[in-house]
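Read through the structure below, which is laid out as structure tokens, and then see the notes.
The values are calculated or read from the model by the stated rules, or taken from the named source; none is laboratory data. Every value quoted in this text rests on a predicted model; they were computed, and no experiment measured them.
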Amino acid sequence: MPFIEGKLPENKNEDFFIHMNSCPKCREELEIYYTLIVGMKQIDNKQEVATDFSADLDRNLKKLEHKYRGRRRIRFSAFSIVMVSLIFFIAAFYGRALSSVYDFEQKKKLSSQGQYYFSRELSKELLIGDKDRVKESEEITAEPEITFFMKIYNYDDITDSDALTHKVGKEIYDEREETEDTEESSEEKADE
């Protein structure tokens, strides 16, 4: 038995440990072999024979577990370090790569458009004033920005015009009543 003799290969430690923890029959068989082999070695070497072989086996399996778990942690932490550094490098160089691609695209567009689009290439006679006509047209055609204060101001105008309409309507109504009253009184005088 390689485990009992200490000759179990390193790459088999994990599988052996997992199997011994999950298979009670193999674990029992290992205890029997461990008791026989270790007991025979102790008798051959004229040592005092151990009384609790099961505890010794458990101790050896625990040592194997610590080795296995320690190696697994190192493997996991090494993987984590590699992944974190990879993410860091991707993040660091992504911005640079993106800006260089953007610059390349802009240069390509500039070279394909020619030079007649840019005011620095035109003579002063061809330019109409120093104003940016495109920006001016965008400002003219843009939707006006309506702020809260503009709404309040317009509301005041609306209420003022409503009040004025009401006042004018009342004046017209009063004038009609007066003319009707004067007409009635003149008709009454004419009838008398």
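Among the helices (runs of 4 or more DSSP H) contained in region 1-90, which hold 1 or more residues that are at pLDDT 75 or above?
13-22, 24-44
Those residues that are assigned to a helix (DSSP H, G or I) and of a type in the set (S, T, Y), I need them from region 140-192; list them, please.
T141, Y153, Y155, T159, S161, T165, Y173, T179, T182, S185, S186
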